[in-house]
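One structure is given below, encoded as structure tokens.
The values are calculated or read from the model by the stated rules, or taken from the named source; none is laboratory data. Note that the structure is a prediction, hence the values are computed from the model and not measured. Please note: Cβ atoms are built from the backbone with ideal geometry, for glycine as well, and neighbour counts cover all protein chains shown.
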Amino acid sequence: MEKVTVKLFGINITLVNTNKTSMIIRILVLLFCFQILSAEDKVTPIPLDISFDTKKALLGKKLFFDTRLSKDNSLSCASCHQLPGGGADALALSFGVDGAVGTMNSPSVLNSVFNFVQFWDGRADTLEDQALGPIENPLEMANTIQNVVKMAEDDPFYKKEFSIIYTDGVNAKNILNAIAEFERALTTPNSKFDKYLRGDKKALNSQEIRGWKRFNDLGCISCHNGVNIGANMYQKSGIIVAIKDKESLGRYNITKRDVDKFVFKVPSLRNIELTAPYFHNGSTDTLENAIYKMGYYQLGISIDGEDIQDIQAFLKTLTGQTPKILQKDF
């Protein structure tokens, strides 16, 4: 495939020439990216402390690790969102009850409080809405929230704690709220990059700083920004070069609008080194390949090996501290 190198703002950029997308469009996309980058003000550090109800969160933690949320008592939330760790599993597609296979890669639950919507297709507005999804999904826990309520009512520990923490005791709303409150507590502050953003310029080494600069210069920052370095917008998968994935229609499944075909929530890059495999379908095993594919499909550029290594080094600085809530229990 033909590659053409152009110089923009003093930086050499190698563009991939395809029959489907004109070179002019790709250059305009890059120019747009350059207009909105720079910036450390485009990314903010995770707050060192976040407000949540500790009692509710600890009750939610108990539920999060309880396999009785699933129809056959085989799976908990933690089965696909492994903690401690990256908050996801190491599978392209997760397994549900009776060996059912999911249709999307399990996203990390870490820092999900900062996501503007939940799930790859954004079908849940809140963490409570998200908590209900896997419980009733036939490819995941294959249960009903009514069954979960009955389980909790029949369990002396849950019955007692819900009556103490919630004035109306055990019910579906409170169960989902407790799980969501636990997830709100799953933040990973104080990564090397957060320290850098807070003014400690020695927190990153020279390669990591180069990677941060290239992350900006190449336009990655145009979609991966904000406190979660992503997860604050939707974007089409394959902006410049179409991706041959006709099964994952993304937002289209929710809106039924053609413009939303292959559109997904931009994933957070927080703790990215811990969450392979990558993308909505788990199609890419390594961070190096993920970086190359992002350049090719999303920006229409060919990122060379040195840049890939530098960007990867930068991305590894986004691994934060283990959430404090995991060290607490009733």
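If you check residue 299 against the conditions, is it buried (at least 22 other Cβ atoms within 10 Å of the Cβ) and aliphatic (A, V, I, L, M)? Yes. Checking each residue in the stretch 316-330 for being in a helix (DSSP H, G or I) and crowded, with 16+ Cβ neighbours inside 10 Å picks out 316, 317, 318, 325.
Check the stretch 281-288 and report whether any residue there is on the phi < 0 side of the Ramachandran plot, assigned to a loop (DSSP other than H, G, I, E, B) and free of Cβ contacts under 8 Å to residues at least 24 places away in the same chain. Scanning the stretch 281-288, I find at least one residue that is on the phi < 0 side of the Ramachandran plot, assigned to a loop (DSSP other than H, G, I, E, B) and free of Cβ contacts under 8 Å to residues at least 24 places away in the same chain, so the answer is yes. The residues in the stretch 114-148 that are surrounded by fewer than 18 Cβ atoms within 10 Å (Cβ to Cβ), of a type in the set (A, V, I, L, M, F, W, C) and either free of Cβ contacts under 8 Å to residues at least 12 places away in the same chain or under 17 Å from residue 177 (Cα atoms) (or both) can be counted, and the count is 2. Filtering the stretch 100-116 to residues that are under 10 Å from the mean Cα position of the chain (by Cα) and of a type in the set (Gly, Ala, Ser) leaves 106, 108, 112. Note on the stretch 251-291: among residues that are hydroxyl-bearing (Ser, Thr, Tyr) and out of contact with any helix residue (DSSP H, G or I) (no Cβ under 7 Å at 6 or more places or on another chain), the one that is surrounded by the fewest Cβ atoms within 10 Å (Cβ to Cβ) is 286.
On the given criteria, is residue 71 part of a loop (DSSP other than H, G, I, E, B) and modelled with pLDDT of 95 or more? Yes: the conditions hold for residue 71. Of all residues in the stretch 66-93, those that are surrounded by fewer than 19 Cβ atoms within 10 Å (Cβ to Cβ) have Cβ atoms under 9 Å from Cβ atoms of residues that are basic (Lys, Arg), 6 or more apart or on another chain, in 76/68.
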